[in-house]
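The values are calculated or read from the model by the stated rules, or taken from the named source; none is laboratory data. If you're wondering where the values come from, they're calculated on a predicted model, not measured in any experiment. Cβ placement follows ideal geometry from the backbone for every residue including glycine, while neighbour counts extend to all protein chains displayed.
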Amino acid sequence: MAGIAAVPEKVTTAPPRKRRRLLSRIPYLVVGFYLLVALLGPLLIDYDPVHTSLEDRLLPPGSETSTGGTAWFGTDGLGRDVLAQIVHGARTSVLIGVSTVAISCLVGVVLGAVAGYVRGGVDAVLARIFDILLAFPAILLAIVIAGAFERSVLLVVVALSATGWITFARVTRGVALSIRERPWVDAARVLGVPGRAILARHVLPFTAGPIVALATLEFALVVLAEAGLSFLGIGLPPSTVSWGQTIANGKEYLEPQWWISTLPGIALSLLIINVGILGDQLTARYRRGRTD
Amino acid sequence: MTKTREYGRSRLLRLAATATATAALLAACSTTSGDDDNGGGTGGSGDVTAAGTYPIESLDPHGAQGASTGTQLAGQEIFSRLVKPDPDGTLKGDLATSWKPNGDVTAWTFTLRDGVRFSDGSPLDADDVLASFQRMISLNGPNAGNFTGSTMKRTSATEVVLSSPAPDASVPGKLGTFYVVPSDVGKDDTAFFNDPVGSGPFTVDGFTPGESLVLVPNKEYRGEKPAPSRVTVRNIPELSARMTALRTGEVDIVWGIPDDQLASLEREKDLTVRTVPSSAEFTMWFNSSTPALKDAKVRRAIWQAVDFKTIISELYPETGKPADAPVTGVVLGHVPQPPVAHDAAAAKAALTDAGFDYSKKLRLQFANAEFRPFIQAVVSDLRKIGVLAEPLEKEQATFTEDLIALKWDINFQQLATPSYDAASNLGRLYTCEANRNGYCNKELDGLLAAAGATADKEERTGLYGRASAIIWRDAVGMYPMSVSIAYAWNNDLKGFVPDASGLPDFAGVRKGGS
């Protein structure tokens, strides 16, 4: 990156660069930690949203509970452990984030690639559909869908995917449009390779970079949107633990019992910020890879 | 490619913007105590601002919203009634100066006050009372349900007679929700209710449904002129925002305050906090028509399985008291019953003996988010003995529809008796004919009918006591808690009287400090 210019200053620039490289690892570590918590945490910390322990309600962080355990992050208005809610909420968030992004990605990439590669009338119709849907506020559509049916995990995934795929489609279409003009695609076409095979083998692999970067950012948005829907009470059913619900449960107690809303809020923000930085780094790396 | 990059950046920007907005929102929700300037909504002296628990959606007291708390609150300030309950529940004359039943209590004669005028100056007489009654019946709103089959007759300009098909001693109490509007108001006269003409202490200066109602004194009011020069009833749905508004002086009176907020309000030296026992009771009917709950032993065992005493002392230490009858102590017809003690082991044994199917989920329906913690605590207790209950929080309209259709196994309601008479609670809801909870008992029907047929208070109380004993013994429902309403108001308000139904009157309130 800094090829020639960096050589004479090698001695002075090395430590900051090393530090920068270390710093740039932090998002990986944090996101990795969340994934680990989401995967293994629920196995280690037991939590039952139905069970309430009223004598333990509103305990501050670090208090001892009536069963002899320690509520490291305090308890909520019904005596349920906040730490356990954060851990189990992480699994819900990751699960919903991953499945929504996977569905959006699948639908978006297929439609985008077809539109970009085939061009002509198909592209004109599809691209206009993308534009129209993009003009519609995503969260509003999600609220309408989530509010109209009975609450469930599947419904939240569908509601968030309903608009999530459009960005994937637009990015894929852009990439496909430029790749289809490349010489190797022409060569394949001249050799008589069927269109579907060209799309799958010579065009789609090149969309991987931007799509991964986009998927990361989309993941952060989905997690945030899910928390938002659950906060409003139209997201997940009460039997599923969710950060949004925990935050909503604590909003009556913001002043005296700050920990109920604040701690899951911090957990949510940390994940969003780190996934965002990670996505930005991936975008930057992909761009560098392409220009080199 | 640059496109992708910019794209990524704009996403990040959006993320940041969302985060900032969320933070701003949270900050707006959090309370800022200590600030005690009397700024905000209230302007000059004599302006009183109140924020109640429920929104005022309509001013039509005869319509579909007629029984809602918001409409009742507005109705009692704008219109007059024949009789009205005092803050403690005793009845006194409003438009009527006296009322008396005939021998078999099937007809009540009301003598009207002379010289009453509407706020537009036109006189109010028996014709208006009669037309209002007919309007209420023909609109068939919730208040009309109290008078099925009843007819009103005008005997003179100052006398009406209300006849009911069966003996009914609770007619005066039930009339507490009957408001008189001018006789020329049509069935669907929405224009009239945007700027209604009434004979209550106040008239409407401005009304935005669901948001605010501004009242000014009615110049034609027959009684003492209302003290405040303007009363604004605002709807602040978010609890923390309501509490902040009270602390900053933006509103003067707030009621329906949850227990967890009371402690911090009591510490504020500028506020007066009071709780008053109300006619409302947590009522959890069992659907006796569900096969699983047909057996009274099963219903009783489920009641026994829930540790209501602990739940009440933890969740409602100040506004809750274990109930001792299907109606609360302020209601005529209240007779204490033996308490149902919590005993999980006995409950489990009784359920197993009765062959209860533990694999079946019971649908527990309720309507307001404020009751969610209570419901969750009950569900948790039931689960401890293996009974599965699924809490179903429904929109008010869906809830009511399902309630009538008996699409539930356990139904939770905070059931108030605004007439302060067991007739409109026990007498109306527990008969075989009403079929509100699938329970049918001819003996109970007989007792309730007999209690409705006599005007003698003592005799009625005795009969309702015997009816209560049957309801209690057969566990038609669980009756865990009688509710008090918590009020808080600024110390510089004088003459405010907390009302037992959550419908305070603002006519006597004056701002002392200014």
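Residues in region B:182-228 that are surrounded by fewer than 16 Cβ atoms within 10 Å (Cβ to Cβ) and either in a helix (DSSP H, G or I) or in contact with a Gly (Cβ under 6 Å, 6 or more places away or on another chain) (or both): B:Thr190, B:Ala191, B:Asn194. Restricting region A:166-185 to residues that are outside any helix (DSSP H, G or I) and either without any contact (Cβ under 8 Å) to a residue 40 or more places away in the chain or within 12 Å of chain B (Cβ to nearest Cβ) (or both) leaves a set whose member that is surrounded by the most Cβ atoms within 10 Å (Cβ to Cβ) is A:Arg182.
When B:Leu392, B:Leu406 are screened for being of a type in the set (A, V, I, L, M), assigned by TED's automatic domain parsing to the domain that holds B:Lys360 and at positive phi, only B:Leu406 passes.
Every condition in (1) part of a loop (DSSP other than H, G, I, E, B); (2) within 24 Å of B:Pro85 (Cβ to Cβ); (3) of a type in the set (Val, Ile, Thr) holds for B:Val161 except the one numbered (1). What about B:Phe399, is it within 14 Å of chain A (Cβ to nearest Cβ), of a type in the set (Phe, Trp, Tyr) and either closer than 29 Å to A:Thr52 by Cβ or buried (at least 21 other Cβ atoms within 10 Å of the Cβ) (or both)? Taking the combined requirement at face value, the residue does not satisfy it. Per the listing B:Trp472, B:Trp489, the residue uniquely under 30 Å from B:Thr49 (Cα atoms) and either in the same structural domain as B:Asp295 (by TED's automatic domain parsing) or in contact (Cβ under 8 Å) with a residue 40 or more places away in the chain (or both) is B:Trp489.
Here the strands (runs of 3 or more DSSP E) wholly within region B:55-139 that include at least 3 residues being outside the structural domain of B:Leu332 (by TED's automatic domain parsing) and over 29 Å from B:Phe207 (Cα atoms) are B:96-101, B:107-112.
Taking the stated definitions as given, is B:Gln376 out of contact with any helix residue (DSSP H, G or I) (no Cβ under 9 Å at 6 or more places or on another chain), surrounded by fewer than 16 Cβ atoms within 10 Å (Cβ to Cβ) and either modelled with pLDDT under 90 or within 14 Å of chain A (Cβ to nearest Cβ) (or both)? For B:Gln376, the condition - out of contact with any helix residue (DSSP H, G or I) (no Cβ under 9 Å at 6 or more places or on another chain), surrounded by fewer than 16 Cβ atoms within 10 Å (Cβ to Cβ) and either modelled with pLDDT under 90 or within 14 Å of chain A (Cβ to nearest Cβ) (or both) - is not met. Can you find a residue in region A:128-137 that is within 30 Å of B:Glu393 (Cβ to Cβ) and modelled with pLDDT under 90? Yes; the residues of region A:128-137 include at least one that is within 30 Å of B:Glu393 (Cβ to Cβ) and modelled with pLDDT under 90. For region A:249-264, does any single residue satisfy the condition of being within 26 Å of A:Phe149 (Cα to Cα), of a type in the set (A, V, I, L, M) and within 12 Å of chain B (Cβ to nearest Cβ)? No; the residues of region A:249-264 include none that is within 26 Å of A:Phe149 (Cα to Cα), of a type in the set (A, V, I, L, M) and within 12 Å of chain B (Cβ to nearest Cβ). Taking every residue in region A:19-32 that is aromatic (Phe, Trp, Tyr) and pairing it with any residue that is part of a helix (DSSP H, G or I), at least 6 positions away or on another chain, the pairs with Cβ-Cβ distances below 9 Å are A:Tyr28/A:Asn274; A:Tyr28/A:Leu278; A:Tyr28/A:Gln281. Say whether the condition of being under 25 Å from the mean Cα position of the chain (by Cα), in a loop (DSSP other than H, G, I, E, B) and among the charged types (D, E, K, R) is met by at least one residue in region B:318-339. The answer is yes, given that some residue of region B:318-339 is under 25 Å from the mean Cα position of the chain (by Cα), in a loop (DSSP other than H, G, I, E, B) and among the charged types (D, E, K, R). Only a single item in (1) assigned to a helix (DSSP H, G or I); (2) over 21 Å from B:Val327 (Cα atoms) is not met by B:Val378, and it is number (2). Condition (residue is farther than 30 Å from B:Arg428 by Cβ and either at pLDDT 90 or above or not assigned by TED's automatic domain parsing to the domain that holds B:Asp456 (or both)) applied to region B:174-187: is it met by at least one residue? Looking through region B:174-187, at least one residue is farther than 30 Å from B:Arg428 by Cβ and either at pLDDT 90 or above or not assigned by TED's automatic domain parsing to the domain that holds B:Asp456 (or both).
Against the definition (over 30 Å from B:Lys457 (Cα atoms), among the small types (Gly, Ala, Ser) and not assigned by TED's automatic domain parsing to the domain that holds B:Phe79), how does B:Ala191 come out, yes or no? When the stated conditions are applied, B:Ala191 does not pass them.
Only a single item in (1) more than 14 Å from chain A (Cβ to nearest Cβ); (2) among the small types (Gly, Ala, Ser); (3) closer than 28 Å to B:Leu213 by Cβ is not met by B:Ala241, and it is number (1).
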